[in-house]
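S.K.: First the structure, then my questions, so here it is.
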Amino acid sequence: MRWSRRQFVASATLASGAALIGKAAPAGIAGTAPDVDVIVLGAGLSGLHAAQLLEDAGARVLVLEGRSRVGGRVCTLKDLPGHPEMGANTMGSGYGRTLDVAHKLNVPLADMAPRMAQMAKLQLAFDGRLMTRDAWAASPKNPFPANRRNLMPWELVPRILAEANPLVDWSKWASPESAALDISMHDFLMARGLDDASIQLAFDTSPYYGTHSYEVSALMYEFNAGWGRSMASLGPAAYAVSGGNERLPEAMAGNLKGDVLLRKEIVAIDTGAAAASVVCRDGTRYAAKRIVCSLPFSTLREVRIDPPLQQEQARAVRTLHYQTLTLIFFAVTRPFWEEDGAGPSMWTNGPAGIVLAQYFGRTDSEVTGLVAQGRGQLGAHWDRLGKDAAMRLVQSEIESIRPASKGSLRPLRMHSWALQRFNAGDWAVFAPGEVAGFTAAMAVPHGRVHFCGEHTALGSRGMEGAMESGERAAIEVLSL
Ligand SMILES: Cc1cc2nc3c(=O)[nH]c(=O)nc-3n(C[C@H](O)[C@H](O)[C@H](O)COP(=O)(O)OP(=O)(O)OC[C@H]3O[C@@H](n4cnc5c(N)ncnc54)[C@H](O)[C@@H]3O)c2cc1C
């Protein structure tokens, strides 16, 4: 596509409240038209990567972001000790696009693998009591089949997926030939010998995707497991940005020639014969030849699109699930785990969820805090309770399980991804039967609008999935 410098924009007036990351103010500031070829909606990794690739090819790009910061689901708690992450934590050795961009922008990376390995050493706290592996294997409360009783609850589903992943080629997960595998995790686990009690404990208590095993596609899990194995085969590293992952999207935004306007919530998208345009909540309107939309479907469903999306694509935008995940951060004033002899991280089947030690200090072994994760139904429960009551509940549960922790925990912050206006959930979750139909339709260009975002990635997950999708959307636009 050849980019003309012709002014394309019908009207634009920058609201006085809008913030700007960028070099010069856009032409629209004084009421004249900004001159852009592509408007990118959303300044997470996918949108920023698409914007950079389009600029590299000569396009003039404007990025509009609803929040007052860039990064979306890459989000660092800059005011807490060690700068813990509320969003994305680490990048694997196979994160080619993400690592490449970090290197090009001189964003310093550290290998967190030794720290992640420590964090992953979980203690089991079952019905409020710490238990060793041997005690769990012998416990009458252990519902697992005889040959699985020595597995901890969080180990069972990954083990089954690793042993018997029926998706032989994970890269084909979205193709129609894999559709027969698109059953519920409940059916998948029942077929591998688990009963309801085992599934409830090993899956529903703390699901990585969804709220319970009936609503989640086994095919999506199989893809995730296959992709994860493939990443691990490329190397053991788990990179994070020194000083916080949010420095990566900040560097990406800062490297753009065009402007990134913050606090620009998109409420409408119009795609016409000659141009496409967007309307922001503050009343401003921007137009361009093309739009690249990285909005998660959980927020895109609140945006009026004219003409409307059709059929499966419309259904996907309306109904795609997003993971419920709420995080509660604690400062720890005393290493109480040295008193009771168990490690600081633990998996509970109670209201404290999964409690993970944070290792963001100067050495690999320094614990800088704890974060409790409430996934699925527990996360929704904490959200309903509200911040103060949920933090009290989790703290008192940890203190009840670990009396040595009394007086050493200080709740700092609760963050619900489900209640975040500009995400309304964590990552996208496919329900049984949705994979082939949704993935074929979700990212199909709609007039002058192109779609990216982790939910549209077919070959990767997480941050790398976001980058993959931004690349695909940019290539789509440049191929016209
Ligand atoms: C707790 C957590 C842990 C994670 N851990 C990892 C990990 O360890 N490794 C990994 O690889 N990945 C991880 N991820 C996933 C990774 O963060 C995401 O896949 C990736 O950042 C998504 O990027 P994106 O550009 O697709 O979406 P987003 O980052 O969500 O970007 C979309 C942007 O659109 C904006 N927006 C939304 N609606 C509107 C609107 N109406 N108007 C204007 N702007 C709008 C949002 O504010 C946001 O900035 C994690 C995510 C979370 C939440």
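The values are calculated or read from the model by the stated rules, or taken from the named source; none is laboratory data. The structure presented is a predicted model; accordingly, all values stated were derived computationally and were not measured. Glycine gets a Cβ as well: all are built from the backbone with ideal geometry, and neighbour counts include every protein chain shown.
S.K.: Take the range 161-199 and flag every residue that is out of contact with any Ser or Thr (no Cβ under 8 Å at 6 or more places or on another chain), of a type in the set (Asp, Glu) and within 20 Å of residue 436 (Cβ to Cβ).
M.R.: Selection gives 169, 177, 187.
S.K.: Follow-up question, since we're still on this one. Inspect all residues belonging to the range 314-323 and state whether any of them is under 25 Å from residue 431 (Cβ atoms) and within 12 Å of the ligand (Cβ to nearest atom). Give the derivation first.
M.R.: Just the residues of the range 314-323 that are under 25 Å from residue 431 (Cβ atoms), to begin with: 314-323.
Imposing the further condition that a residue be within 12 Å of the ligand (Cβ to nearest atom) reduces the set to 322-323.
Yes, because at least one residue in the range 314-323 is under 25 Å from residue 431 (Cβ atoms) and within 12 Å of the ligand (Cβ to nearest atom).
S.K.: Now a separate question. Got at least one residue in the range 424-432 being at pLDDT 95 or above and part of a helix (DSSP H, G or I)?
M.R.: Looking for residues that are at pLDDT 95 or above and part of a helix (DSSP H, G or I), one finds none in the range 424-432, hence no.
S.K.: OK, next. Within the range 152-166, track down each residue that is within 30 Å of residue 179 (Cβ to Cβ) and not in a helix (DSSP H, G or I).
M.R.: We begin by selecting, within the range 152-166, every residue within 30 Å of residue 179 (Cβ to Cβ); these are 154-166.
Of everything in the range 152-166, those that are within 30 Å of residue 179 (Cβ to Cβ) and not in a helix (DSSP H, G or I) turn out to be 164, 165, 166.
S.K.: If a residue has to be acidic (Asp, Glu) and either buried (at least 16 other Cβ atoms within 10 Å of the Cβ) or under 25 Å from residue 210 (Cβ atoms) (or both) to count, how many in the range 339-365 make the cut?
M.R.: Residues of the range 339-365 acidic (Asp, Glu): 339-340, 364.
Then drop every residue that is not either buried (at least 16 other Cβ atoms within 10 Å of the Cβ) or under 25 Å from residue 210 (Cβ atoms) (or both), which leaves none.
Residues meeting the conditions: 0.
S.K.: As an exercise: evaluate residue 258 against (1) out of contact with any helix residue (DSSP H, G or I) (no Cβ under 9 Å at 6 or more places or on another chain); (2) in a loop (DSSP other than H, G, I, E, B) and give the number of the one condition it does not meet.
M.R.: For residue 258, the failing item is (1).
S.K.: Oh, and also: What are the residues in the range 34-68 that are on the phi < 0 side of the Ramachandran plot, touching a residue at least 40 places away in the same chain (Cβ under 8 Å), more than 14 Å from the ligand (Cβ to nearest atom) and not in a helix (DSSP H, G or I), if any?
M.R.: 34, 36, 37, 38, 57, 59, 60, 61
S.K.: Inside the range 375-410, can you point out the residues that are acidic (Asp, Glu) and either part of a strand (DSSP E or B) or closer than 22 Å to residue 203 by Cα (or both)?
M.R.: Of the range 375-410, the ones acidic (Asp, Glu) are 383, 388, 397, 399.
Within the range 375-410, 383, 397 meet the criteria.
S.K.: Tell me, which helices (runs of 4 or more DSSP H) wholly within the range 270-374 include 2 or more residues that are closer than 24 Å to residue 478 by Cα and in contact (Cβ under 8 Å) with a residue 60 or more places away in the chain? Steps first, please.
M.R.: Values: elements: 297-300, 311-319, 337-340.
Per the criteria, no element qualifies.
S.K.: Continuing with this model, one more query. Tell me yes or no: at least one residue of the range 225-245 is at pLDDT 95 or above, among the β-branched types (Val, Ile, Thr) and over 23 Å from residue 425 (Cα atoms).
M.R.: Yes, the range 225-245 has at least one match.
S.K.: Of these, 110, 125, 88, which one is surrounded by 20 or more Cβ atoms within 10 Å (Cβ to Cβ), closer than 27 Å to residue 49 by Cα and not assigned by TED's automatic domain parsing to the domain that holds residue 461?
M.R.: On the way: 110 fails: surrounded by 20 or more Cβ atoms within 10 Å (Cβ to Cβ); 125 fails: closer than 27 Å to residue 49 by Cα.
Criteria check complete, one pass: 88.
S.K.: Only one residue in 444, 394 is touching a residue at least 12 places away in the same chain (Cβ under 8 Å) and either crowded, with 18+ Cβ neighbours inside 10 Å or within 16 Å of residue 331 (Cβ to Cβ) (or both). Which one? Steps first, answer last, please.
M.R.: Numbers: 444 fails: either crowded, with 18+ Cβ neighbours inside 10 Å or within 16 Å of residue 331 (Cβ to Cβ) (or both).
Just one listed residue meets the conditions, 394.
S.K.: If a residue must be surrounded by 15 or more Cβ atoms within 10 Å (Cβ to Cβ) and among the acidic types (Asp, Glu), how many such residues does the range 149-185 contain?
M.R.: The total comes to 2.
S.K.: Can you tell me which residue within the range 447-478, out of those that are closer than 17 Å to residue 318 by Cα and within 10 Å of the ligand (Cβ to nearest atom), is surrounded by the most Cβ atoms within 10 Å (Cβ to Cβ)?
M.R.: Going through the qualifying residues, I end up with 452.
S.K.: Of the residues in the range 171-208, how many are within 25 Å of the chain's Cα centre (by Cα), more than 26 Å from residue 122 (Cβ to Cβ) and part of a helix (DSSP H, G or I)?
M.R.: Within the range 171-208, residues that are within 25 Å of the chain's Cα centre (by Cα), more than 26 Å from residue 122 (Cβ to Cβ) and part of a helix (DSSP H, G or I) number 5.
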